[in-house]
Amino acid sequence: MKRTGEFVLSIIAGAINLFLIVSGVRSVSADPSVLRQQLSAAGTHLTAQDINSVIQLLNTIGTLLITLSIVSILLAVIALILLKRNSDKPKLAGWLLILAGVVSLIEIIPGILYIIAGIMALVRKPMFE
């Protein structure tokens, strides 16, 4: 059975996750001294402790984006391999896609796309010849 919808939704979600990985890496690898200068020059009345908190928050968010994106991409790849190779495993693949969606729900669009693809894999009935 063709599962084009599940493949397309999963690939779009994976592409968005790759973009989020790049954003997370850029956030984590940003130079703290440059960020301090930019935040100080912004004209806000932030103390040094506030600036350090913002920098730490950016690093935490970047690390979280990277981790969640990698885990959800791995789950989706395993699910797509199961859908492609074994036509008798769509339920497992559907649950893996839903799990990938739950893992990446903080990244709203990929999470929703993975969940939709997982539901499609679970609900679609196989055609008997």
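Brief remarks on what is shown
- Helix 108-123 axis, angle to the chain major axis (alpha carbon atoms, nearest 10°): 10 degrees
- Nearest-ten-degree value, helix 4-28 long axis tilted from longest Cα axis of the chain: 20 degrees
- Gyration tensor verdict on region 1-52 (Cα atoms; rounded if a/c is under 1.5, prolate if a/b is larger than b/c, oblate otherwise): prolate
- CD proxy at 222 nm, helix term only [per DSSP H run n ≥ 4: -39500 (n - 2.57); per residue of the chain; nearest 500]: -27500 deg cm²/dmol
None of the figures in this text is laboratory data; all of them are computed from the coordinates on show. Computed from a prediction, not measured in an experiment: that's the story for all the values here.
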